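Worksheet: the structure to be examined is printed underneath.
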Amino acid sequence: MSFGALSMHGVIQQDYARWRAKVGAARAFALEAYTLLFEATKHGLPVDAAVKADCCLATTHAVDTAAEITPPLEMVGGTA
């Protein structure tokens with residue numbers, strides 16, 4: 001199947017925008033969680049369970065997001 005220029009396909013553009021938004025949200029969550037962890041440890045403060053939980057959640061969310069969007073991206077990119 002030949003898609004031609006992806007910019008010419010509105011559905012692919014729409015899907016790509018959704019994928020980018022999901023990756024951006026996962027990245028923002030991870031950066032926020034790990035920045036809080038880094039700042040606490042840098043200043044020698046105790047790390048509470050909420051900070052640890054946010055890091056676990058952010059990591060899990062990032063991995064789940066990557067697993068969700070990789071197969072359709074491979075298909076659209078022609079590498080599947």
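A few points about this structure:
- Single residue of the stretch 62-80 satisfying the filter (outside any helix (DSSP H, G or I) and small (Gly, Ala, Ser)) that is least open to solvent (accessible area, probe 1.4 Å): Gly78
- In the set (1) open to solvent by less than 90 Å² (accessible area, probe 1.4 Å); (2) modelled with pLDDT of 95 or more, Glu32 fails one condition alone, (1).
- One residue stands out in the stretch 35-50 among those that are out of contact with any helix residue (DSSP H, G or I) (no Cβ under 7 Å at 6 or more places or on another chain) and under 21 Å from His61 (Cβ atoms): the one that is surrounded by the fewest Cβ atoms within 10 Å (Cβ to Cβ), namely Ala49.
- Residues of the stretch 41-63 that turn out to be free of Cβ contacts under 8 Å to residues at least 12 places away in the same chain and not basic (Lys, Arg), as a count: 13
- Test: Thr59 is within 22 Å of Gly77 (Cα to Cα), among the polar types (S, T, N, Q) and either surrounded by 15 or more Cβ atoms within 10 Å (Cβ to Cβ) or touching a Gly at 6+ places or on another chain (Cβ under 7 Å) (or both): no
- Of all residues in the stretch 38-80, those satisfying the criterion of being small (Gly, Ala, Ser) and within 21 Å of Ala25 (Cβ to Cβ) are Ala50, Ala53, Ala58, Ala62, Ala66, Ala67.
The values are calculated or read from the model by the stated rules, or taken from the named source; none is laboratory data. Worth saying up front: this structure is predicted, and the values here are computed from it rather than measured. Counting neighbours? That spans all protein chains shown, and the Cβs are built from the backbone with ideal geometry, glycine included. The accessibility values were calculated without ligands, DNA or RNA, using every heavy atom of the protein model including side chains. Shrake-Rupley method; radii C 1.70, N 1.55, O 1.52, S 1.80 Å.
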